[in-house]
Amino acid sequence: MLQPFRLALALALVWGTAARAEPAPGARVRRERSVAIASTAAEPLPVVRVAQDTLTLLFFPSPIQKKTLTFDESRIRVLDAGERSVIVQPVANLGAGERQELGVFFADNRAPTRAVFVLVTDPSEVDARIDVQRPEPPDTACQPTAQAPAPKPEDFVLLGYVDEKGVTTSSSKGTLDAVQGFNLDKLVAFRGAGWILADVTIVNRPDRPAWTPREAMFVGRVGMRLRARLVAKKPGAILPGGYGRVLAAVEVPETKADLVFTLEVRGDEGRRLTIPDVRFPKSAAEDSP
C-alpha cells in the first residue's frame, strides 16, 4: 500500500501530465500554481478553485497536523492527508458565490501557525496542484508576536488544548513595585490541558518613559524557569500613563495540583514587570471520584 506522501506524489505526477495536455472543448483548464497563506487577520484568504471531476492537491512547505483539518464534510471531501499534503474534492460543484473554508495547523507552531483557504468553483479553471507558500516571520525575535488569524473554538479541541476537564481561571489586581513604575490593572490566569496563560493589563505610570514588553518568563517557587510566548494585543510601546495588554503562554506538564508562578515581563531599558504568586488552579474534575 502506498504511503500518503508517495500517493500524493504519484497523483501529482499524473495530474501534472494531465494539466499540460490540451483540454477538451468546454472543459475546465487545469492549473498548477503557488499561493501564499495569510499571515495576519487583515490579509485576504487565498482562493483555491475546485471541481467535482478533479482532485486538488495542496502541498505544504512544512509538516501539518492532520487531525486539525477543518472543513464542511457535507460539501468537501478530504481524500487523503499526509505529512505535508492534502487532497480535496467537492462533493458537488460549489454554487455561484459559494465559498467553503478549509484550514489546518502546522506542526511546528511557527507563525503563521495555521493555513486557511477559501474553496470556490470556477466555470473555466480548476487547480490540480497548489504549492502552499508560508511567509517567513520578520526578524523580531525579541518582539511580542502580533495577532495571528483568529482561530475557531473547535481548533482548541482539535489541538488538544481543551479537554473534558475544561479551563480553570483565577484573577487578581493591585499595585506593583513602584520602583519599576507599573500598576496592575487586571490579571486573569488560565489553565488548560498542558498549558497555562496569563492575560495581563498593566498601566505605565505617567512619570515613567514609554515601555515595550519584549519577553516573558514564568518562575516557579523552586527556581524552575519557563520561557513563555508573549503576545501583545497592541504591539509597540506602552506610553506614559497608558494601558497595555499582554498575554504570556507556555506548555506545562500535567499535574493534579495548583500551580503558582512569578510572572516576569522584561522590556526596554531593563525595566521589568514582576507579578508574584500568579495562581493557576487545578481542574475541579481532579477532585471528582
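The values are calculated or read from the model by the stated rules, or taken from the named source; none is laboratory data. Since the structure is predicted, the reported quantities are computational estimates derived from the model, not experimental observations. Heads up, the Cβs are rebuilt from the backbone with ideal geometry, glycines too, and the neighbour counts pull from every protein chain shown. Surface areas here come from the heavy atoms of the whole protein model, side chains and all, with no ligands, DNA or RNA. Shrake-Rupley method; radii C 1.70, N 1.55, O 1.52, S 1.80 Å.
Some observations on this one:
- Cα gyration tensor category, rounded, prolate or oblate, for the range 171-255 with a/c compared to 1.5: prolate
- Solvent-accessible area of L55 with every protein chain in place, 1.4 Å probe, in Å² to the nearest 10: 40 Å²
- Spin-label model distance (nm) - K256 vs M224, 7 Å beyond Cα toward Cβ: 1.7 nm
- Sum of side-chain charges, E269 neighbourhood, beta-carbon under 12 Å (Lys, Arg +1; Asp, Glu -1): +4
- Among the listed pairs K173/K233; K186/K256; K66/K173; K186/K282; K234/K256; K67/K173, those beyond 30 Å (Cα-Cα): K66/K173; K234/K256; K67/K173
- Within the assembled protein chains, the solvent-accessible surface assigned to R31 is about 100 Å², based on a 1.4 Å probe.
- Counted by Cβ distance under 11 Å from K173, the other residues give a net charge of 0, where Lys and Arg count +1 and Asp and Glu count -1.
- Whole-Hz couplings from phi, Karplus 6.51/-1.76/1.60, listed for the range 188-205; x for Gly and Pro: 10, 9, 10, 9, x, 6, x, 8, 10, 8, 10, 9, 10, 10, 10, 10, 8, 4
- Karplus-derived HN-Hα couplings along the range 73-84 (A = 6.51, B = -1.76, C = 1.60, θ = phi - 60°), whole Hz, x at Gly and Pro: 5, 6, 10, 10, 9, 9, 7, 7, 9, x, 5, 9
- Per-residue SASA entry for S283, accessible area with 1.4 Å probe, Å² rounded to 10: 20 Å²
- Seen from E215, the other residues with C-beta closer than 9 Å to its C-beta sum to a net charge of +2, counting Lys and Arg as +1 and Asp and Glu as -1.
- Taking amide hydrogens as placed 1.01 Å from N in the peptide plane, the amide H of E125 sits under 5 Å from those of V29, each at least 5 positions away in sequence or on another chain.
- Accessible surface comparison of E101, E83, probe 1.4 Å, protein chains only, largest first: the order is E83, E101.
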